[in-house]
Structure formats: C-alpha cells, structure tokens
Amino acid sequence: MPRKSLLIVSATYVTEENRKKLLALNEHFDLTCATCEKGGAFGLPVSARGGAGLAALPAVGDVLGGTRYFLRGLGRVLRERRYDIILAEAEPWSFIRWQTWWWKRLLQPGALFGEFSWENMERRGAKGLALSFVYRAAIATGDFVIAGSRDAGALFTERGMRPVRILVAPQLGLDEALFAPAGRPEARRAMGVPADCFLAGYCGRFTKAKGIADLVEAVELARRRSDIRLALLGDGDCRPAAREWLHILPPRRHPDIASFMQALDLFVLPSRETREGGVCWKEQFGHVLIEAMGCGVAALGSDSGAIPEVLGGAAQLFPEGGVEALAERILFFHDNPAARERIARAGRERVLERYTNTAVAARWAAFLHAIPARTPPRS
C-alpha cells in the first residue's frame with residue numbers, strides 16, 4: 001500500500017536543527033516541506049526510506065514576526081505533485097496559513113488541510129471578537145488542528161471544532177543523542193564556572209514575561225542560606241546587573257546549547273503571563289525544559305501556561321511570580337541531591353518517551369493517518 005504524501009508549509013525549517021523532525025516524519029510519509037529561502041536553495045538529507053524534500057522559497061513580508069509573510073512559488077509546489085495531507089504550521093490569522101489554504105482549495109481540493117497552532121490565550125475587547133471570527137473561519141476551512149498545548153486546543157474546541165480533529169502535541173522534538181547527560185566538569189570549565197559549586201541556570205530571552213528578574217531575586221534570597229550560583233544564557237531588554245555569583249553568557253547556536261545544559265545542577269524557567277504594552281503572552285511550551293531534561297538535569301518551572309504539561313510533576317512547579325516560593329524550591333534541590341537526581345532521571349525518561357523527534361513524529365503520524373478522507377470539496 002503506498003504511503004500517504006504530506007506537505008508541510010512552515011518557516012520553522014529554515015533552521016537546520018529543526019529539520020531533524022522532518023526526517024523523522026519522513027519515516028511515516030512521503031514528505032515535502034516548503035520553507036523560506038535562506039541565502040539560496042538548500043537540500044534536506046534524505047532518509048533511508050527516501051522521499052523527503054525541501055523547497056526553499058523566497059519570502060515576502062515579516063518572516064521573523066511569524067504571521068505576516070507569504071512564500072513566492074508556493075503554488076508551483078502544489079502543482080508539481082498531489083498530496084493527501086497539507087499542513088500549515090501557522091496561527092489561524094497568519095498570512096501563510098490562508099495562502100496555503102487558497103492554493104490547496106484551488107489546486108488540490110481533495111487533500112486534507114490543517115494547521116499547527118501555538119496560540120494559547122484569549123484576547124479581550126475588539127481584538128478578541130475579531131480573532132473569534134478568524135478561528136471560526138479556520139475551523140470551517142480546515143479538517144484538523146495540531147495544538148501545541150491543551151490551552152491552544154481549547155481555543156478551537158470552544159468555537160465548535162470536534163476534539164477528535166485536534167491533536168495536542170509539540171511542534172518539534174529534540175535530538176536525544178545531542179541533548180544527553182555528559183561530563184559536567186568539562187562543560188563548566190568551558191564556561192569559567194567553578195566545578196564544585198551548585199549552579200542553577202536559564203536559557204532564552206531576557207524579558208519580563210520570561211521572569212528573569214524573579215529568578216535573579218530568588219537566587220539572591222537563596223544565597224542567604226547556601227552558596228548558589230546562577231548562569232543565564234541569552235540576551236534581551238531585561239539583562240540583569242553584574243554580580244560576582246551571576247554568569248551571563250551570550251546566545252549560542254542551537255546545537256551548542258546542550259553543553260550549557262550539561263553544566264547545570266538545576267534548570268529554571270520562571271515564565272509569567274503578561275498583558276502589558278500590547279503584549280499578550282503566556283508560556284506556550286518551553287522547549288528549553290525538554291532540552292535540560294534530555295541532558296539529565298532537574299528542571300523547575302512556574303505554573304504558567306504549558307509548563308505543568310511539559311514537566312508533569314508538582315514537585316517541579318512554583319507559582320508564577322512567586323519569588324520566595326522559587327527560592328525555597330531552589331534550596332530544596334540544593335539540599336536534597338538524591339531527590340534532584342531522581343527527578344533528573346525521571347525527566348530524561350519522560351523526554352525519551354514523549355519529546356524526541358522520533359516520538360513527536362510518531363504521534364503526529366498516528367493522528368494524521370486516522371483522519372478520515374475528505375468528503376466532496378466544500379463550495
């Protein structure tokens with residue numbers, strides 16, 4: 001029986017590390033991905049079963065913003081072959097979502113069409129009303145949704161989409177061979193951090209929504225009772241002031257983040273929900289959590305957004321914005337190395353079971369293969 005053909009349209013796969021998920025999906029489908037051009041065309045390595053391909057197309061608009069861009073030549077991709085399933089990894093209001101749907105409707109009306117969505121917050125006022133209309137339009141024109149969290153899926157079910165048509169699963173997994181336990185002393189020497197200290201860490205944007213100030217303040221409180229250091233990898237508007245116990249490292253290429261994680265005793269993601277200055281956001285997944293867990297590092301997070309879903313354990317949570325509670329959790333992990341190691345081992349097992357590229361691709365494939373074929377095209 002021939003394998004189903006799948007087209008994914010997404011800017012995500014400009015990044016080479018993310019294309020490892022495509023190779024895992026290619027074990028289940030004859031896969032093509034249309035993504036943005038990056039300094040000219042580039043190819044996707046073909047797995048042993050063959051069929052994977054990458055179409056690098058010129059982008060028009062704001063690719064970094066994620067929702068306001070089109071791909072020139074997308075129609076040509078849909079003319080070149082027939083697809084059973086077409087998936088736009090984009091929010092319901094994204095230009096690329098509707099461009100993909102339009103070409104699908106025009107050229108391949110019999111294909112299943114769906115989207116991947118991270119959005120997990122209701123908007124208020126006039127914007128909320130407008131987006132509610134957009135969601136209903138997306139449901140009317142789509143056959144399925146892959147949602148990055150339960151809250152993201154709820155935005156579709158609350159507007160009438162049947163739960164059987166929604167899969168809650170992450171967009172990307174990780175490379176378990178790269179993000180794996182490794183020598184902590186070597187990683188610390190490369191960072192200039194003492195080998196024998198207790199080191200907590202964070203990786204990502206330095207913004208208010210990511211809770212950087214909360215984390216620094218919590219470590220300051222914890223240091224009144226124990227010698228704890230903090231390493232921050234990234235950059236942003238909320239860059240903390242220098243301190244002798246605070247190590248601030250510049251951003252790294254994605255594959256190089258593993259060595260940072262391997263140097264830590266504890267990883268912390270202190271995100272908090274925000275509705276200020278036109279920003280409406282809460283943690284949509286927290287990919288750095290699974291990277292730390294994959295490296296065999298105990299992970300701790302606030303109860304914001306999807307973090308509890310990712311961590312899966314109440315012992316690893318604290319109330320968002322709760323500086324004193326966070327300080328107490330850091331001290332608990334400092335004072336209880338056996339519990340810390342137990343949680344670290346459980347985290348690595350959770351990653352291997354749920355969050356590798358292979359595991360994510362298998363969940364996607366089982367869901368997409370189970371969606372019934374389309375009835376005659378909608379008018």
The chain - charge dipole about Cα centre, Lys and Arg +1 at Cβ, Asp and Glu -1, debye rounded to 20: 1300 debye
Reach of Lys210 by Cα under 20 Å, taken over lysines that are not fewer than 8 positions away in the same chain: Lys282
Sum of -39500 (n - 2.57) over DSSP H runs of 4+, divided by residues of the chain (222 nm, nearest 500): -10500 deg cm²/dmol
Cα-based Kirkwood hydrodynamic radius, the chain, one decimal, Å: 21.9 Å
Stretch gain in nm, segment Arg123-Leu249, where the contour uses 0.36 nm per residue and the Cα spacing is subtracted: 41.9 nm
Loop-located GluC sites (Glu not before Pro) in region 186-270, at most 15 other Cβ atoms within 10 Å (DSSP): Glu244
Mean Kyte hydropathy of -1.0 or more with a Cα span along the axis of at least 24 Å, helices from DSSP in the chain: 125-141
Mean Cβ count within 10 Å, highest first, over the residues of peptides 108-117, 322-331: 108-117, 322-331
Alpha-carbon Rg/Rh ratio, for region 96-193, with Rh computed the Kirkwood way: 1.21
Using θ = phi - 60° and Karplus 6.51 cos²θ - 1.76 cosθ + 1.60, couplings along region 6-20 (whole Hz; Gly, Pro as x): 10, 10, 10, 10, 6, 6, 4, 8, 4, 7, 4, 4, 5, 6, 5
Cα-based shape type of region 184-354, given that a ≥ b ≥ c are square roots of the gyration tensor eigenvalues and the cut on a/c is 1.5: rounded
Dipole of region 265-379 [Lys/Arg +1, Asp/Glu -1 at C-beta], most positive-end residue of Pro372, Pro337, Val268: Pro372
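Values quoted throughout were computed directly from the atomic coordinates according to the rules given, and no laboratory measurement underlies them. Everything quoted here is computed from the prediction, not taken from an experiment. For neighbour counting, all protein chains shown are included, and Cβ atoms are generated from backbone atoms with ideal geometry for every residue, glycine included.
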